1. Specify the inter-centroid distance of the range 76-113 and the range 215-244, based on alpha-carbon positions, in whole Å.
2. Dipole magnitude of the chain about its Cα centre, charges +1 at Lys/Arg Cβ and -1 at Asp/Glu Cβ only, in debye to the nearest 20?
3. Quick one: in the range 82-127, what % of C-alpha pairs are over 13 Å apart?
4. Using the Kirkwood radius built from alpha carbon pairs, what does the Stokes-Einstein equation give as D for the range 1-143 at 10 °C and 1.306 mPa s, in µm² per second?
5. Work the Kirkwood hydrodynamic radius out for the range 64-143: mean of 1/r over every pair of different alpha-carbon atoms, inverted, in Å.
6. Running Debye on the range 160-244 with equal point scatterers at the Cα sites and no solvent, what base-10 log of I(q)/I(0) appears at q = 0.13, 0.15, 0.21 Å⁻¹?
7. As a test, work out the antiparallel percent of DSSP beta bridges whose residues both lie in the chain, rounded to the nearest 5.
8. Can you tell me which of ASN133, ASN220, ASN191 moves the most in a GNM of the chain? Springs connect C-alpha atoms under 10 Å apart.
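The values are calculated or read from the model by the stated rules, or taken from the named source; none is laboratory data. All figures in this text were calculated on a predicted structure; none of them were measured in a lab. Here the Cβ is made from the backbone with ideal geometry for all residues, glycine too, and neighbour counts use every protein chain on show. These accessible areas exclude ligands, DNA and RNA; they are computed on the full protein's heavy atoms, side chains included. Shrake-Rupley method; radii C 1.70, N 1.55, O 1.52, S 1.80 Å.
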Amino acid sequence: PEFQNVTHGNGYTTNPYELIRLHLALSGLPAPGSGFTVAVMDDGFRTTHQEFDGKAISSYGDISVRGWSDHGTYVAALIAGNADADGTMFGVAPNADLHLSSYTLSTAQKAAAVIDATGGIAFNNSWGLLRPNGDELTLSHVRQYLQTQNVSIAQAYATLTGQGSAADWQAYFNALDGFQQDGVIVWALSNDGEGNRLDASAAMPVMVPALRDAWIAVGNAEYTMDAGGAVTDVERMSIGCGLM
């Protein structure tokens, strides 16, 4: 029922589980995701939600819901929500455990959170870095700054975000690199479907070569399928992958 109900109420005609062939991926697995932990850095995790009943959840720092902040709950449920035949969705790996942390942490704390999650099979990031004025930090911003300033990449990120020190950012880069020894970093590309400038979050490996071992920058698109399951139309909803 959850497989069929996932399309209800979102205005889409295409079942996203069918689109990614989830039924084929899970068909031979008695407990998909069992024995694995997926880390999620986001914000607003309601760990008491029914999608997480009975699931082992570890965390670093404050992950509580503040106001209407519920994005983290939804992302974590899409990754590992229970397949309990009760509701309108379940996770791609419904038996996986979760490690949760918030992107509102300081840069030094983000590094510590990544280290705390190391050993997990994947680390999902569906958020982006901002400049002090609230605009998204792009790869172009970083490159332009480095062309005019004789500083390290870590210092460039520290200055352009107004967060942390160069040492903090280098520790964060090192922590992400360490996670890649056993797991994959997954980062959502900017939701700017009309833009052409990569965000400096998902495109971090372009500037930091050490992060190129196991990093996936994920685009978002709306697909239309025919009755036979073939894709007939695609509308890109995020920025293109570019150099990533």
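1. The distance from the Cα centre of the range 76-113 to that of the range 215-244 comes to 23 Å.
2. That gives the chain a dipole magnitude of about 620 debye.
3. The calculated P(r) of the range 82-127 puts 64 percent of pairs beyond 13 Å.
4. Value of D from the Cα-based Kirkwood radius: 97 µm²/s.
5. Here the Kirkwood hydrodynamic radius works out to 14.9 Å.
6. Each listed q maps to, in turn, -0.53, -0.66, -1.01.
7. 25 percent
8. ASN133
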